[in-house]
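Student: Let me give you the structure first, and then I'll get to my questions.
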Amino acid sequence: MTTTANPSSETGSRPPNTALGKAAAGIDDRMTMARPTRRLLNKVFPDHWSFMLGEIALYSLIMLLLTGTYLTFFFDASMKEVVYHGSYVPLQGVPMSAAYESSLNISFDVRGGLIIRQMHHWAALLFMAAIVVHMMRIFFTGAFRKPRETNWLIGCLLLLLGIGEGFMGYSLPDDLLSGTGLRIVSGIILSIPVIGTWLHYLLFGGEFPGDLIIGRFYIIHVLLLPGIILALVGVHLLLVFKQKHTQWPGAGRTEDNVIGHRFYPIFAAKGASLNMLTFGVIAGLGGLVQINPFWLYGPYNASQVSSGSQPDWYAGFGDGIARLFPSWETRLWGFTIPGPFYAVVLLGPIFIGMFAYPWIEARLTKDRAMHNLLQRPRDVPVRTALGAMSLAFYIVLVISGGNDIIAEKFDISLNAMTWIGRVGLLIAPPIAYWITYRICLGLQQHDREVLDHGIETGVLMRLPHGEYIEIHQPLGEPDEHGHGALKYGGAAVPKKMNKVGGAGRAIRGFFGPIESPPDLPQLGRGPRESADADNREPVSSRE
Amino acid sequence: MSGFNQPDNPTEPPADPATAGHQPSHASNGDPVSDVARERLDADQLPEISDERLQAMSQDELVDVGSKIDGVEVVSREYRLKPGSRAEKGAERRVAMCFSLAALLVLAFLVLYIWFPWKFTDTKPGEFTLASFYTPLLGFTLGGSLLLIGAGLVLWSRDLMPHEVSIQARHEGASPEIERLATAATLQQGVESIGIGRRTMIRRSLMGAGGLFGLVLLVPVIGGMIKNPYKDNALYYTAWRKNMRLVRLNGTPIRPSDMEPGALETVFPGIEGSMTPNTIADSATMLIRMHQDQADKFQARPGQEDYRWNEYVAYSKICSHLGCPVSLYEQQTGRILCPCHQSQFDVTRDAKPIFGPATRSLASLPIKLDADGYFVARHDYREAVGPAFWDRERRP
């Protein structure tokens, strides 16, 4: 007979005898939570270090929300002109916007305000960095394939929203640097054909800078975008939960199972520790490493600018393409299509390609099956090479976004840096593609070689007729020709003897050994015999 | 696309006996209703256990039952260190040490936060006061305590919590056929019962109203923000007017004798109350006194030959690329460099762009001297200054 052991049934039930049990029973009486709770506790998570990248992004986001909320208690998003009378002496008596003044106050006149502001900025940088690296992990391992295309799409959206959110946060203090960034965005909006001027007037309420853009950015930065980001993150996690994690191929791992730790208690403990570590790194950076000292730049003034004007790194690619694009501009029938518009349009297909990649790949490979096992990047050379190509493109742009700094620090001509960027943008991606493709094939080849011939032991043997050969350790039963029969299954292949329990473990040390060699197993003898023992006793005496 | 290689046998990873699932099977008795009920029971996988047996089960047995229901199989579960061993005691001490140190750092943070001098005082570069260390100390104690808590948790989970290999089956992909068909039928029945397919008149009028209603969402949001850029044509004009003096940021006018050869002054329209961020934004102008040899080879744009006054020229400071103030002036070569995107302009060729992304010369401001010998503008710029836009050449 099947029973659901209803606690209120007359057969009587085992009363919970612990505090935890009583509380749980009380909740279950009211909400029937036993099954979903236990399902969560029992949910199995596969383990791999790279799975933590997305978690770091999540914990940075939590830190952003906490510190950001605190900052709103003091920030005044107004462009009203005021004269500064705060603690920071060099700017006393200087006219500035209320936004800049309140930013100064947060940094100098709120106890502990500076560390919160710097933690907010560092958390934003970490958030973006974690998203980018997390996306690379997803891309290069094929984790975006069916059924997870939706989550790839959401991730791409989160990346874009993060860039926008970051740019607005960067603009809010209304200092000289951020105002310059805003001026550039204003120029880019103006460059849009036909509707550019209308769009600019709609957003800025007039000519640049107008008197309401900071207020608008503020409400978008603290309400609109965080709301959308939180909703998307919620769906993102819900889908991860529903579809379960992907896992690497390996013993027992199939497309239909998940092997790893259950959520409770170990996985939860690991998550909590990563959360603490992420918070700790952000707090440490926020206190110890100065970021964006905007009081040095002064309030925004459209007639001033400093050299070395850069956006934060995640927007650097945009600045890079604005710098590299040649001085081209189209004039037709008295109308102008400005150069910066082309530069921005150039980025369009790249972002669209990123969004559409899961479907592009499914179409090219005609692979529409469900995939829960990850692929090693080497096994999919075209995808890996495409990824490397995109990264090369991106890196050239980011470097070019700071080419004036590089020109100054390394004493290179500024114009040469621009030309290096222009040429590099065209040739670096195909070169990256080709090299990556070849490396992938080489690594695959090496794996298959080891499966076929075994691990190189480094032991040379002289055959009776004088030939020297190296002895290989086959990984499985070899056939009559000495070739392995193991098929390559997309998992890591051991390449060193100590990975298969032979030759002892590697000696510790980074530049040189920091420990003396352990008792090495001697050839032809038992693996446990120590060298000392060998010295004391002749081998023959034991045999 | 050979490059999208699959491994040799993607569908057959190494078999593991542990993966064998547990799917209790029920024989069908042909009754469709009870078949459906069983289908649900299969999905729920509630094992058959009598009440008495259930009440008598130990904690471990109950955990097993729970994981079975959830499709989880714990293959192995072991501690890294032997319980009760010296190594385990050591690990326990290390974890406790992390948490204790974290507690100390939290206390230190609180003490520092409250009692350490924090108020900013002005210092010369390289000089420090106690307050200069306030934020770093907060960062050290707060970050350190969080990191130590994290480290303690890592050590705890690594050394003292059980390591396990659990296997859970995935129940993904399409729902059972019966669910799909039943849901589709329910949807279809609903559509048919409200008759939206057959009542074309209602459908079309509703689509019309719904579509138009979308505008209602859009119109007040966008509508309130729309401003006509051509109402006062501000994009085409700056604050410069006829005979307006060129003044510095502090309001003082400029005479030719104020500037050395090669000098650059940033000037603004000399009207009362003109120095708002908005007038500065497009009327900031560079007044440059060229060297004599630069002035000798000066090439003006056609129609603007009389814009300069002797070796003095005035250009818009707003870059024609994306609007940064072009600020870096190399006296000897007569080059102006924009630090944002490195556009470079040649002063002796009427600020023509010679490198970088800018395509248009900086706008030139016609200047002369007034009766008192101060520089004045002869009129506003003849073109829209700053970044280009769609109809910038259609200046009214």
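The values are calculated or read from the model by the stated rules, or taken from the named source; none is laboratory data. Since we're looking at a predicted model, the values are computed, not measured. Quick reminder, even Gly has a Cβ in these numbers, built from the backbone with ideal geometry, and neighbours come from all protein chains shown. All accessible areas refer to the heavy atoms of the entire protein, side chains included, with ligands and DNA or RNA removed. Shrake-Rupley method; radii C 1.70, N 1.55, O 1.52, S 1.80 Å.
Student: Take the residues in the stretch A:93-109 that are free of Cβ contacts under 8 Å to residues at least 40 places away in the same chain and either facing another protein chain (nearest Cβ under 9 Å) or within 33 Å of the chain's Cα centre (by Cα) (or both), then tell me which one is farthest from A:Met354 (Cα to Cα).
Tutor: We begin by selecting, within the stretch A:93-109, every residue free of Cβ contacts under 8 Å to residues at least 40 places away in the same chain; these are A:93, A:98, A:101-102, A:105-106, A:109.
Among the residues that remain, those that are also either facing another protein chain (nearest Cβ under 9 Å) or within 33 Å of the chain's Cα centre (by Cα) (or both) are: A:102, A:106, A:109.
Numbers: A:Ser102: 39, A:Ile106: 39, A:Asp109: 45 Å.
This residue is A:Asp109.
Student: Picking from A:Gly234, A:Gly250, which residue would you name as being in a helix (DSSP H, G or I) and either out of contact with any Lys or Arg (no Cβ under 7 Å at 6 or more places or on another chain) or farther than 27 Å from B:Gly386 by Cα (or both)? Walk me through how you get there before you give the answer.
Tutor: Numbers: A:Gly250 fails: in a helix (DSSP H, G or I).
Unique residue meeting the criteria: A:Gly234.
Student: Further question: Can you tell me which residue within the stretch A:340-368, out of those that are at the interface with chain B (Cβ under 9 Å from one of its Cβ atoms) and surrounded by fewer than 17 Cβ atoms within 10 Å (Cβ to Cβ), is nearest to A:Gly187 (Cα to Cα)?
Tutor: Applying the filter and picking the extreme gives A:Leu364.
Student: Moving on to the next point. Of all residues in the stretch B:260-313, which are under 22 Å from B:Asn250 (Cβ atoms) and among the acidic types (Asp, Glu)?
Tutor: B:Glu260, B:Glu265, B:Glu272, B:Asp282
Student: Based on what the data block shows, is A:Phe325 over 22 Å from A:Glu149 (Cβ atoms) and either touching a His at 6+ places or on another chain (Cβ under 9 Å) or in contact (Cβ under 8 Å) with a residue 12 or more places away in the chain (or both)?
Tutor: Numbers: over 22 Å from A:Glu149 (Cβ atoms): yes; either touching a His at 6+ places or on another chain (Cβ under 9 Å) or in contact (Cβ under 8 Å) with a residue 12 or more places away in the chain (or both): yes.
Judged against the criteria, A:Phe325 is a match.
Student: Could you list, in sequence order, all residues of the stretch A:377-409 that are in a loop (DSSP other than H, G, I, E, B) and either away from every other protein chain (no Cβ under 11 Å) or surrounded by fewer than 22 Cβ atoms within 10 Å (Cβ to Cβ) (or both)? Walk me through it before giving the result.
Tutor: Quick first cut of the stretch A:377-409, residues in a loop (DSSP other than H, G, I, E, B) only: A:380, A:402.
Across the stretch A:377-409, the qualifying residue is only A:Gly402.
Student: Do any residues in the stretch A:43-62 that are touching a residue at least 12 places away in the same chain (Cβ under 8 Å) have Cβ atoms under 7 Å from those of residues that are open to solvent by less than 50 Å² (accessible area, probe 1.4 Å) and hydroxyl-bearing (Ser, Thr, Tyr), where the two are at least six apart or on different chains, and which pairs are they?
Tutor: Partner pairs satisfying both residue conditions: A:Val44/B:Ser166; A:Ile56/A:Thr278; A:Tyr59/A:Thr278; A:Ser60/A:Thr278.
Student: With respect to B:Lys82, is the statement that it is away from chain A (no Cβ under 11 Å), part of a loop (DSSP other than H, G, I, E, B), exposed (fewer than 12 other Cβ atoms within 10 Å of the Cβ) and among the charged types (D, E, K, R) true? Even if it seems obvious, please write down each step before you answer.
Tutor: Values: away from chain A (no Cβ under 11 Å): yes; part of a loop (DSSP other than H, G, I, E, B): yes; exposed (fewer than 12 other Cβ atoms within 10 Å of the Cβ): yes; among the charged types (D, E, K, R): yes.
Against the criterion (away from chain A (no Cβ under 11 Å), part of a loop (DSSP other than H, G, I, E, B), exposed (fewer than 12 other Cβ atoms within 10 Å of the Cβ) and among the charged types (D, E, K, R)), B:Lys82 qualifies.
Student: Residue under question is B:Glu383, and the condition is that it be of a type in the set (D, E, K, R), more than 7 Å from every other protein chain (Cβ to nearest Cβ), open to solvent by 10 Å² or more (accessible area, probe 1.4 Å) and in contact with a Leu (Cβ under 8 Å, 6 or more places away or on another chain); does it hold?
Tutor: Values: of a type in the set (D, E, K, R): yes; more than 7 Å from every other protein chain (Cβ to nearest Cβ): yes; open to solvent by 10 Å² or more (accessible area, probe 1.4 Å): yes; in contact with a Leu (Cβ under 8 Å, 6 or more places away or on another chain): no.
No; evaluated as a whole, the condition is false for this residue.
Student: Out of the residues in the stretch B:42-59 meeting the condition of being part of a helix (DSSP H, G or I), of a type in the set (A, V, I, L, M) and at pLDDT 85 or above, tell me which one is surrounded by the fewest Cβ atoms within 10 Å (Cβ to Cβ).
Tutor: To start, the set of residues in the stretch B:42-59 that are part of a helix (DSSP H, G or I) comprises B:42-44, B:51-56, B:59.
Pick out the ones that are also of a type in the set (A, V, I, L, M) and you get B:43, B:54, B:56.
Still in the list and also at pLDDT 85 or above: B:54, B:56.
Numbers: B:Leu54: 18, B:Ala56: 10.
It comes out as B:Ala56.
Student: Looking at (1) of a type outside the set (A, V, I, L, M, F, W, C); (2) more than 35 Å from the chain's Cα centre (by Cα); (3) within 14 Å of chain A (Cβ to nearest Cβ); (4) closer than 30 Å to A:Ser413 by Cβ, can you tell me which one B:Arg395 breaks?
Tutor: (4)
Residue-wise test of (1) under 17 Å from A:Ala269 (Cα atoms); (2) modelled with pLDDT of 95 or more; (3) away from chain A (no Cβ under 14 Å); (4) not in a helix (DSSP H, G or I).
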| position | (1), (2), (3), (4) |
| --- | --- |
| B:Leu138 | no, yes, no, no |
| B:Gly144 | no, yes, no, no |
| B:Gln168 | no, no, no, yes |
| B:Ala174 | no, no, no, yes |
| B:Arg204 | no, no, yes, no |
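Student: Given the criterion among the hydroxyl-bearing types (Ser, Thr, Tyr) and open to solvent by 20 Å² or more (accessible area, probe 1.4 Å), identify the matching residue among A:Thr150, A:Thr141. Even if it seems obvious, please write down each step before you answer.
Tutor: Details: A:Thr141 fails: open to solvent by 20 Å² or more (accessible area, probe 1.4 Å).
Of A:Thr150, A:Thr141, the one residue that is among the hydroxyl-bearing types (Ser, Thr, Tyr) and open to solvent by 20 Å² or more (accessible area, probe 1.4 Å) is A:Thr150.
Student: Further question: If I go through the stretch A:410-452 residue by residue, how many of them are closer than 25 Å to B:Gln344 by Cβ, out of contact with any helix residue (DSSP H, G or I) (no Cβ under 6 Å at 6 or more places or on another chain), more than 10 Å from chain B (Cβ to nearest Cβ) and of a type outside the set (Phe, Trp, Tyr)?
Tutor: Selection size over the stretch A:410-452: 8.
Student: Let me ask something additional. Take the residues in the stretch A:243-267 that are more than 7 Å from chain B (Cβ to nearest Cβ) and more than 22 Å from the chain's Cα centre (by Cα); name whichever of them is surrounded by the fewest Cβ atoms within 10 Å (Cβ to Cβ). Full working, then the answer.
Tutor: Applying the first criterion (more than 7 Å from chain B (Cβ to nearest Cβ)) to the stretch A:243-267 yields A:245-248, A:250, A:255, A:263-264, A:267.
Those still in the list that are more than 22 Å from the chain's Cα centre (by Cα) too: A:250, A:255, A:263-264.
Values: A:Gly250: 16, A:Glu255: 17, A:Phe263: 19, A:Tyr264: 14.
Checking each candidate, the answer is A:Tyr264.
Student: Consider A:Gln445 against the criteria (1) at pLDDT 80 or above; (2) within 41 Å of the chain's Cα centre (by Cα); (3) open to solvent by less than 60 Å² (accessible area, probe 1.4 Å): it satisfies all of them except one. Which criterion is unmet?
Tutor: Tallying (1) at pLDDT 80 or above; (2) within 41 Å of the chain's Cα centre (by Cα); (3) open to solvent by less than 60 Å² (accessible area, probe 1.4 Å), A:Gln445 fails exactly one: (3).
Student: List pairs: first in the stretch A:121-139 and without any contact (Cβ under 8 Å) to a residue 24 or more places away in the chain, second buried (at least 18 other Cβ atoms within 10 Å of the Cβ) and not in a helix (DSSP H, G or I), Cβ under 6 Å, 6+ apart or cross-chain?
Tutor: Taking only residues 6 or more apart or on different chains, the pairs are A:Ile138/A:Phe144.
Student: Given the structure, is B:Asp346 buried (at least 20 other Cβ atoms within 10 Å of the Cβ) and farther than 23 Å from A:Phe208 by Cα?
Tutor: no
Student: Can you confirm whether B:Ala295 is modelled with pLDDT under 95, open to solvent by less than 60 Å² (accessible area, probe 1.4 Å) and not acidic (Asp, Glu)? Walk me through how you get there before you give the answer.
Tutor: Values: modelled with pLDDT under 95: yes; open to solvent by less than 60 Å² (accessible area, probe 1.4 Å): yes; not acidic (Asp, Glu): yes.
It is true that B:Ala295 is modelled with pLDDT under 95, open to solvent by less than 60 Å² (accessible area, probe 1.4 Å) and not acidic (Asp, Glu).
Student: Just for the stretch B:237-289: of the residues that are under 29 Å from B:Asp391 (Cα atoms) and over 42 Å from the mean Cα position of the chain (by Cα), which one is surrounded by the most Cβ atoms within 10 Å (Cβ to Cβ)?
Tutor: Taking the candidates together, the pick is B:Met244.
Student: Now for a different question. How do the pairs read when you match residues in the stretch A:184-206 that are more than 8 Å from every other protein chain (Cβ to nearest Cβ) with residues anywhere that are open to solvent by 30 Å² or more (accessible area, probe 1.4 Å) and part of a helix (DSSP H, G or I), using Cβ under 8 Å and keeping only pairs 6 or more apart or on different chains?
Tutor: Going by the 8 Å Cβ cut-off, the qualifying pairs are A:Val185/A:Phe167; A:Ile189/A:Leu199; A:Ile189/A:Leu203.
Student: Another one. Name the residues in the stretch B:349-362 that are open to solvent by 10 Å² or more (accessible area, probe 1.4 Å) and under 23 Å from B:Tyr307 (Cα atoms), would you?
Tutor: B:Arg349, B:Lys352, B:Pro353, B:Ile354, B:Thr359, B:Arg360, B:Ser361
Student: Would you pick out the residues in the stretch A:325-339 that are loosely packed, with under 13 Cβ neighbours inside 10 Å and either more than 13 Å from chain B (Cβ to nearest Cβ) or assigned to a loop (DSSP other than H, G, I, E, B) (or both)?
Tutor: Within the stretch A:325-339, A:Trp328, A:Trp333, A:Gly334 meet the criteria.
Student: Within the stretch B:324-336, work out how many residues are of a type outside the set (Val, Ile, Thr), more than 8 Å from chain A (Cβ to nearest Cβ) and open to solvent by 10 Å² or more (accessible area, probe 1.4 Å). Don't jump to the end; show me each part of the working.
Tutor: First pass over the stretch B:324-336, keeping only residues of a type outside the set (Val, Ile, Thr): B:324-325, B:327-332, B:334-335.
Right, trim to more than 8 Å from chain A (Cβ to nearest Cβ) and you get B:329-332, B:334-335.
Remaining after also requiring open to solvent by 10 Å² or more (accessible area, probe 1.4 Å): B:329-332, B:335.
Going through the stretch B:324-336 one residue at a time, the tally reaches 5.
Student: Checking A:Leu296 against (1) within 9 Å of chain B (Cβ to nearest Cβ); (2) more than 20 Å from the chain's Cα centre (by Cα); (3) without any contact (Cβ under 8 Å) to a residue 12 or more places away in the chain, which test does it fail?
Tutor: Tallying (1) within 9 Å of chain B (Cβ to nearest Cβ); (2) more than 20 Å from the chain's Cα centre (by Cα); (3) without any contact (Cβ under 8 Å) to a residue 12 or more places away in the chain, A:Leu296 fails exactly one: (1).
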